[in-house]
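**Student:** There's a structure below that I have some questions on.
The values are calculated or read from the model by the stated rules, or taken from the named source; none is laboratory data. Fair warning: this is a prediction, and the values are worked out from it, not measured in the lab. Glycine also receives a Cβ, built like all others from the backbone with ideal geometry; neighbour counts cover every protein chain displayed. Accessible surface is based on the protein model in full, side chains and every heavy atom, while ligands, DNA and RNA are left aside. Shrake-Rupley method; radii C 1.70, N 1.55, O 1.52, S 1.80 Å.
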Amino acid sequence: MDNVEYKIRLQGLSTPEGTISLETLVTVSRMLLEASRRTLRLIVDGVSVKRGKVPDSLRRLLDFNITGISKGSTVLQIEAPTFEASAPDLIQQPGFWDDPIEPKDTVVSLLSKSVHDATSGNMESDYYDRGVLESLMSFRRLLKGRISNVEIKCQSRPAEEFRITDKELEKIKMLEADTPAPRATIVAGIFNRIEHDSRHFELVLESGQKVRGFAESSHVDVE
């Protein structure tokens, strides 16, 4: 299976059921793509927002196709490519502490984990950072005046379903306030683990606390 079908249900639109204005369609698409892009880069690169061109393999994973619009409020049917079909190299070397990316996963699979962890207040999650939370909070502009909520469903994957309403955004806002912005600091410790391919590492501090990190190739020679 090269693509997985999802349904994006939009409630509260001012247009007739089963229709959507072009402006709202563009806005929904842009926000969904940005949140998906940041989540993907976080899992693959260790940081959700970084300079530079997005690799072709990641762009292919973000190549969503709209396959239809139906009623039931307004429902957009989309297809998202799987890692197995579009980026098989990314599933061959999973990180040593992250949950492995499954061949049948899509970027929406990862995004659903971000939303679930953020709205449940999971402070130990590896599926969001401040950049991902900011992209999720951007949906607030859409919920003010255009729609009442966004819901993503997948008939074959009920565990990946999630919704974004004012209630979820309030939880994300509180979590964002407790999530520090990136800053430069010096940390001294002993390397406990290091992985060449993914550039992940783990330090053990003098106190015994373990700190996870990611070696940015533009600043550190991985070799």
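**Student:** If I filter the range 86-105 for residues that are open to solvent by less than 10 Å² (accessible area, probe 1.4 Å), under 17 Å from the mean Cα position of the chain (by Cα) and modelled with pLDDT of 95 or more, do I get at least one hit? Spell out how you get there, then give the answer.
**Tutor:** Restricting attention to the range 86-105, the residues satisfying the condition of being open to solvent by less than 10 Å² (accessible area, probe 1.4 Å) are 87.
Now narrow it down to the ones that are under 17 Å from the mean Cα position of the chain (by Cα): 87.
Imposing the further condition that a residue be modelled with pLDDT of 95 or more reduces the set to none.
Looking through the range 86-105, none of the residues is open to solvent by less than 10 Å² (accessible area, probe 1.4 Å), under 17 Å from the mean Cα position of the chain (by Cα) and modelled with pLDDT of 95 or more.
**Student:** How about the range 1-32: which of its residues are aliphatic (A, V, I, L, M) and surrounded by 15 or more Cβ atoms within 10 Å (Cβ to Cβ)? Spell out the reasoning first.
**Tutor:** Taking the range 1-32 first, the residues aliphatic (A, V, I, L, M) are 1, 4, 8, 10, 13, 20, 22, 25-26, 28, 31-32.
Hits for the range 1-32 are Val4, Ile8, Leu10, Leu13, Ile20, Leu25, Val28, Met31, Leu32.
**Student:** Under 6 Å between Cβ atoms, which residue pairs at least 6 apart in sequence (or on different chains) link something in the range 70-82 that is farther than 17 Å from Ser29 by Cα with a partner that is assigned to a loop (DSSP other than H, G, I, E, B) and polar (S, T, N, Q)?
**Tutor:** Thr82/Thr106
**Student:** To continue, here is another question. In the range 127-140, which residues are touching a residue at least 40 places away in the same chain (Cβ under 8 Å) and outside any loop (DSSP other than H, G, I, E, B)?
**Tutor:** Just the residues of the range 127-140 that are touching a residue at least 40 places away in the same chain (Cβ under 8 Å), to begin with: 127-136, 138-139.
Once the filter is applied, which keeps residues that are touching a residue at least 40 places away in the same chain (Cβ under 8 Å) and outside any loop (DSSP other than H, G, I, E, B), the range 127-140 yields Arg130, Gly131, Val132, Leu133, Glu134, Ser135, Leu136, Phe139.
**Student:** Specify the residue that is least open to solvent (accessible area, probe 1.4 Å); the eligible residues are those in the range 158-198 that are part of a helix (DSSP H, G or I) and at pLDDT below 85. It would help to see each step written out before you state the result.
**Tutor:** Looking only at the range 158-198, we keep the residues that are part of a helix (DSSP H, G or I), and these are 158-160, 166-177.
Filter once more, keeping what is at pLDDT below 85: 176-177.
On the way: Glu176: 33, Ala177: 83 Å².
Among residues in the range 158-198 that are part of a helix (DSSP H, G or I) and at pLDDT below 85, the one least open to solvent (accessible area, probe 1.4 Å) is Glu176.
**Student:** Yes or no: Val54 at pLDDT below 90, on the phi < 0 side of the Ramachandran plot, surrounded by fewer than 19 Cβ atoms within 10 Å (Cβ to Cβ) and of a type in the set (A, V, I, L, M)? Don't jump to the end; show me each part of the working.
**Tutor:** Numbers: at pLDDT below 90: yes; on the phi < 0 side of the Ramachandran plot: yes; surrounded by fewer than 19 Cβ atoms within 10 Å (Cβ to Cβ): yes; of a type in the set (A, V, I, L, M): yes.
Judged against the criteria, Val54 is a match.
**Student:** Checking Phe214 against (1) at pLDDT below 75; (2) within 16 Å of the chain's Cα centre (by Cα); (3) hydrophobic (A, V, I, L, M, F, W, C): exactly one of these is not met. Which one?
**Tutor:** Every condition holds for Phe214 apart from (2).
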